[in-house]
Structures are given as C-alpha cells and as structure tokens.
Amino acid sequence: MKPRRGHISDSCRPISEVLSLIGDKWTALIIARLTEGPLRFNELKRRVHGISQKVLTSSLRALERDGFIERTEYPTVPPCVDYRLTLFGRDLAEPVMALTRFALENRDRMDEARAVYDERYEVPPPSAPPKRKPQPLRLN
C-alpha cells in the first residue's frame, strides 16, 4: 500500500510536532520571555510585541497542554495568574535560545545572501510593486 501524501511516520511525528511548535514565531518569543522568570499575562503580552490577546491565550494554552509552561492562579481579587516554564519547558528553552542567538548573530549574513540571490535572479525587493506589462493609453 502506497503512503498518502503528507503522511508522517510514527518515528517522525514527535519531530514534526516539536518543529511545528517552535517554528511558530509566537511560541519561540513566549518561551524566550519566560526564561527571564515568571510573568503575568499582561506583562507577557507587553514583552511579546505585536501579539494579540487571543493568540497569546491560545499559545499559552497549547504550551501548558504540552507541559512546557505552568499556569498558577492566585486567589486574589481581581484574580492574579502567572506563567512560568516547567523543567520540561526549560529543556525546550535551551535549543530555542540557541536558535534565537543564531538568528541575531547571523541576520546580516542572511540579508547579504538574500540580496545576492535577488540580484542574480532579478527578484524585486519585497516593497517594490510587481512588474507589469505597460498598458496602451486609450483616449476614448
């Protein structure tokens, strides 16, 4: 029997799941911020620039479900909730932070490589409008 397109074998599934998780830009940023220590929801939202409340909530739930973060609710009025990395989450933070360092240290090299590629293959810059065939001017 031929495998279906997109089929992931049982041995590859865990790798695919983790790469999918850390490949999400918000997850990596949340993990990076939580390496600094426990944070309350709004404090975390402020430190992860550009994330919406909805996306932060769903990301935190997914990370909690997978065992990477711990949510602690304190019985106060108003309720106080903070999030922290679990030991398992700290294990994940190590490669995430290594990728973060790699990205920051090599940003210029990647930009240079892209510029060389774009020039070689005449790729327009991202902000440039696509090239269009000139339309003849109609006077009627």
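How many residues, within segment 95-110, are surrounded by fewer than 10 Cβ atoms within 10 Å (Cβ to Cβ), of a type outside the set (K, R) and farther than 22 Å from R46 by Cβ?
The total comes to 2.
Does T86 fit the bill of being β-branched (V, I, T), at pLDDT below 95 and either at positive phi or open to solvent by less than 100 Å² (accessible area, probe 1.4 Å) (or both)?
So T86 does not fit the description; no.
From the residues in segment 111-133 that are part of a loop (DSSP other than H, G, I, E, B) and surrounded by 10 or more Cβ atoms within 10 Å (Cβ to Cβ), which one is modelled with the lowest pLDDT?
P124
Among E17, E64, which is among the charged types (D, E, K, R) and touching a strand residue (DSSP E or B) at 6+ places or on another chain (Cβ under 6 Å)?
Unique residue meeting the criteria: E64.
Going through segment 29-51 one residue at a time, which ones are without any contact (Cβ under 8 Å) to a residue 24 or more places away in the chain, on the phi < 0 side of the Ramachandran plot and open to solvent by 10 Å² or more (accessible area, probe 1.4 Å)?
L29, R33, E36, N42, E43, K45, R46, R47, H49 - these are the residues of segment 29-51 that are without any contact (Cβ under 8 Å) to a residue 24 or more places away in the chain, on the phi < 0 side of the Ramachandran plot and open to solvent by 10 Å² or more (accessible area, probe 1.4 Å).
Going by the structure shown, is P136 more than 25 Å from L19 (Cβ to Cβ) and either at pLDDT below 95 or touching a helix residue (DSSP H, G or I) at 6+ places or on another chain (Cβ under 9 Å) (or both)?
Criteria met by P136.
Okay, residues lined up against (1) open to solvent by 90 Å² or more (accessible area, probe 1.4 Å); (2) within 18 Å of D24 (Cβ to Cβ):
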position: V55; (1), (2): no, yes
position: L60; (1), (2): no, yes
position: E70; (1), (2): no, no
position: E73; (1), (2): yes, no
position: P78; (1), (2): yes, no
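Any residue that is modelled with pLDDT under 95 and touching a Phe, Trp or Tyr at 6+ places or on another chain (Cβ under 6 Å) - is there at least one of those in segment 18-41?
no
The values are calculated or read from the model by the stated rules, or taken from the named source; none is laboratory data. What you see is a predicted model, and the numbers here were worked out from it, not measured in a lab. Reconstructed Cβ throughout: ideal geometry from the backbone, glycine too, with neighbour counts over all protein chains shown. The area values use the complete protein model at the heavy-atom level, side chains included, leaving out ligands, DNA and RNA. Shrake-Rupley method; radii C 1.70, N 1.55, O 1.52, S 1.80 Å.
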